[in-house]
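A short write-up of the structure that comes next.
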Amino acid sequence: MRLTKKTVLIAIASLAVLGLCLWGGSLYLTRQNALKRFDENFVHYQAKSDDHQTFIAQDINRKEVYNLSYSPTKETVAITKTIKKGDIYSSDYLYGPTTVYDIKQTADRYTIITSGHPILVDFGTTSVKVTYNKDSFEIPYSELSFGESFPSEDN
């Protein structure tokens, strides 16, 4: 078999298509894994007895960290933003805590029905976007963590 321009171009195009397929498959599996972990840690967490849980969090080494937290005993959800200045952390509520009435899932989106505005959790191609009260934050999957338990300040 002779190497011609045509066979070389076909080989390069085939490798490019294969690379794109592998990349797309990797993105899909990452998103599906994030959806599964969120479902296990948030939706089905309600039966557990711990008082407070952070479900969507950014890497704590960042200067600004967003958290979506749920308290099963109080049936409330809250969104906080923590800012790191040197060795000092300060945290403020951006939304809530507010009562959770229901959680609905459609495809790659969870809608948390609360006593205030609903909270939307969208699992995109490369990140999770949390929309609340006409504001939002987005966390890339590489910085995302789920299900980190910590006691509430009330205990």
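The values are calculated or read from the model by the stated rules, or taken from the named source; none is laboratory data. Fair warning: this is a prediction, and the values are worked out from it, not measured in the lab. As a convention, Cβ positions derive from the backbone with ideal geometry for all residues, glycine included, and neighbour counts pool all protein chains shown.
Values computed for the structure shown
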| quantity | calculated |
| --- | --- |
| Region 23-40: number of residues that are surrounded by 11 or more Cβ atoms within 10 Å (Cβ to Cβ), small (Gly, Ala, Ser) and either modelled with pLDDT of 75 or more or at positive phi (or both) | 1 |
| Of the criteria (1) surrounded by 11 or more Cβ atoms within 10 Å (Cβ to Cβ); (2) modelled with pLDDT under 70; (3) polar (S, T, N, Q), which one residue 49 fails | (1) |
| Region 75-132 - residue that is exposed (fewer than 13 other Cβ atoms within 10 Å of the Cβ), among the β-branched types (Val, Ile, Thr) and free of Cβ contacts under 8 Å to residues at least 60 places away in the same chain and, of those, farthest from residue 31 (Cα to Cα) | 88 |
| Selected residue (criterion: modelled with the highest pLDDT) from residues of region 127-143 that are farther than 19 Å from residue 98 by Cα and touching a Ser or Thr at 6+ places or on another chain (Cβ under 8 Å) | 129 |
| Qualifying positions in region 1-34 - over 26 Å from the mean Cα position of the chain (by Cα), of a type in the set (Lys, Arg) and in a helix (DSSP H, G or I) | 5, 6 |
| Matching option when the condition is at pLDDT 85 or above and aliphatic (A, V, I, L, M), among 56, 10 | 10 |
